[in-house]
Amino acid sequence: MAALRPLGPVGFEEAQSGLEAIERLSVVPVDLVVLDLNMPDVHGLEVLRFVRSHHAFRQIPVVVLTTRGDEESRAAALREGATLYLTKPFSPSELAPQVREFLPQA
C-alpha cells in the first residue's frame, strides 16, 4: 500500500478477499492488519472477528479503512475490536502517522 511507504522498510501482504486474508494471516506473521469491510466472500467484520477470536492474532492492531462512513458500520467495527476506523477517501499523508503508533518500535 503506497500510503504506508513513509513507514520505511515494512513488508506488506495483500489479500483480494476476506477468505484470502484469513488464510494469509494464518501463514504469514504480521504486525498490523489494514482491513476493508467491503471484501468478497467473507465480510471484513468476519475477518475482524476471526482475528479477535484467535489467541495468536488477538493482539494484532486492526485498522479498518473503508468506504462505509455510516455510524452503524463504525460502531460495529469498534465493538468487534477494530483499533482504528478510517473512511475513504482518506489522506495518504495522514495514514502512515496514524498507523505508526500501532507498530512495534524497532
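Brief remarks on what is shown
- Filtered by the rule that a residue be open to solvent by 40 Å² or more (accessible area, probe 1.4 Å) and assigned to a helix (DSSP H, G or I), the stretch 18-35 gives Leu19, Glu20, Glu23, Arg24, Ser26, Val27.
- Inter-residue pairs, beta-carbon under 8 Å, first at positive phi and in the stretch 73-87, second open to solvent by less than 40 Å² (accessible area, probe 1.4 Å) and part of a helix (DSSP H, G or I), 6+ apart: Gly81/Leu48; Gly81/Val51
- When Arg68 is tested against the conditions (1) in contact with a Phe, Trp or Tyr (Cβ under 7 Å, 6 or more places away or on another chain); (2) over 18 Å from Phe12 (Cβ atoms), the lone failure is (1).
- Every residue from the stretch 85-100 that is within 19 Å of Asn38 (Cβ to Cβ) and buried (at least 17 other Cβ atoms within 10 Å of the Cβ): Tyr85, Leu86, Leu95
- Inside the stretch 66-80, residues that are under 13 Å from the mean Cα position of the chain (by Cα) and open to solvent by 10 Å² or more (accessible area, probe 1.4 Å) make up a count of 2.
- Condition broken by Leu103, with the remaining ones in (1) in a loop (DSSP other than H, G, I, E, B); (2) open to solvent by less than 50 Å² (accessible area, probe 1.4 Å); (3) at pLDDT 90 or above satisfied: (3)
- Scope the stretch 36-53; condition in a loop (DSSP other than H, G, I, E, B), over 24 Å from Val10 (Cα atoms) and at pLDDT 90 or above; matching residues: Asn38, Asp41, Val42, His43
- Scope the stretch 60-94; condition part of a helix (DSSP H, G or I) and at pLDDT 85 or above; matching residues: Glu71, Glu72, Ser73, Arg74, Ala75, Ala76, Ala77, Leu78, Arg79, Glu80
- Among residues of the stretch 36-55, those that are on the phi < 0 side of the Ramachandran plot, open to solvent by 80 Å² or more (accessible area, probe 1.4 Å) and more than 13 Å from the chain's Cα centre (by Cα), counted: 1
- Those residues of the stretch 2-17 which are assigned to a loop (DSSP other than H, G, I, E, B), open to solvent by 80 Å² or more (accessible area, probe 1.4 Å) and not acidic (Asp, Glu), in sequence order: Pro9, Phe12, Gln16
- Members of the stretch 21-58 that are in contact (Cβ under 8 Å) with a residue 40 or more places away in the chain and more than 23 Å from Ala75 (Cβ to Cβ): Asp31
The values are calculated or read from the model by the stated rules, or taken from the named source; none is laboratory data. Bear in mind the structure is a predicted one, so any value in this text is a computation, not a measurement. Neighbour counts run over all protein chains shown; Cβ positions are idealised from the backbone, glycine included. We work out accessible area using only protein heavy atoms, side chains counted, and drop any ligands, DNA or RNA first. Shrake-Rupley method; radii C 1.70, N 1.55, O 1.52, S 1.80 Å.
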